[in-house]
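Input: a single structure, listed below in structure tokens.
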Amino acid sequence: MKKTTLLLLALALPLISISGQEVLAGQAVGGSRVAGIISTTPIVLNESVEGTPYINKEYLPAKISAAQGNTFYVRYNALRDEFEVKGQNNTAYSLNRYRRDIVVEIVPLNKKYQVFGYMDENLNENFGYFVFLSDSDREAVLLKKERITFIGEKRAVTSYDTPRSARYKRWNDKFFIKLGDAKLVKELPRGKRAIAKLFPKHKDVVFNYMKENKIKTSREEDLVQLMNYINTL
């Protein structure tokens, strides 16, 4: 396990030491940033809160590109947009998101994650983990953003109100596209013509392909099919 800890240290950049205890989204989270890794208290879920902040609730075996030849056990916290890496005595380490070159592959799920910059809903530049839905070495790379938010408890104020327990809500995934060497990934438009315009040299061909093959822009399988086709043009 010492070897794993050293590898985790090598994966991260030096950070300023920060410590504290806070309540975040219905759960107690304690942590400190030390010597390049973020050490956090393993999350104890509040049983009164429905759902989970994790895409994969259990730690699963994974490969981390910056430490090839080694297996780590990780889980993705979509609420906080971070990977927790299991260490000695159930110590949880948060993988440094500032290392945008690192690819995390969850082996049993055959899923690969990497950090990319993007414009959020408030048009602010942000960064976070995305799942590859197409090969990373293609000109057009299809990605998806997995989303979970915390919704607080709603108490009945009057007899007409319906009370609601606190819960983690899993929202529909959002689809993004990375074109060439672009520094930021873009959210994929929902309209067929808008998607076709992303490829000005082939916009008519792309639009006709979507029509002829009845591509639904909200369906992951259809978008994967479309992107595979576009990368042959």
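The values are calculated or read from the model by the stated rules, or taken from the named source; none is laboratory data. Quick caveat: nothing in here was measured; it's all calculated off a predicted structure. Reconstructed Cβ throughout: ideal geometry from the backbone, glycine too, with neighbour counts over all protein chains shown. Note: accessible area is taken over every heavy atom of the protein model, side chains too, but ligands, DNA and RNA are not part of it. Shrake-Rupley method; radii C 1.70, N 1.55, O 1.52, S 1.80 Å.
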For the residue pair residue 50 and residue 232, what label-to-label distance in nm results when each label sits 7 Å from Cα along the Cα-to-beta-carbon direction? 4.5 nm
The alpha-carbon center of the range 99-133 and that of the range 186-212 are separated, in whole Å, by 24 Å
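Cα-Cα pairs above 19 Å in the range 67-123: how many percent?
34 percent
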Which length gain, in nm to one decimal place, applies between residue 139 and residue 154 when the Cα-Cα distance is subtracted from 0.36 nm times their residue separation? 0.7 nm
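Can you tell me the accessible area per residue over the range 43-115, all protein chains present, probe 1.4 angstrom, in square angstrom?
I get 49 Å² per residue for the range 43-115.
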With a 1.4 Å probe and all protein chains left in place, how much of the accessible area of the range 138-216 comes from carbon and sulfur atoms, in whole percent? 49 percent
Pairs of lysines in the range 185-225 (C-alpha under 15 Å apart; 8 or more residues apart or interchain): 7
Rounded to the nearest 10 Å², the accessible area of residue 170 at probe 1.4 Å: 110 Å²
Kirkwood-Stokes translational diffusion coefficient of the range 75-171, alpha-carbon pairs, 20 °C, 1.002 mPa s, µm²/s: 133 µm²/s
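At 1.4 Å probe size, with every protein chain present, just tell me what the per residue accessible area of the range 125-233 comes to in Å². Mind dumping the intermediate values first?
On the way: 6900 Å² over 109 residues.
Value for the range 125-233: 63 Å² per residue.
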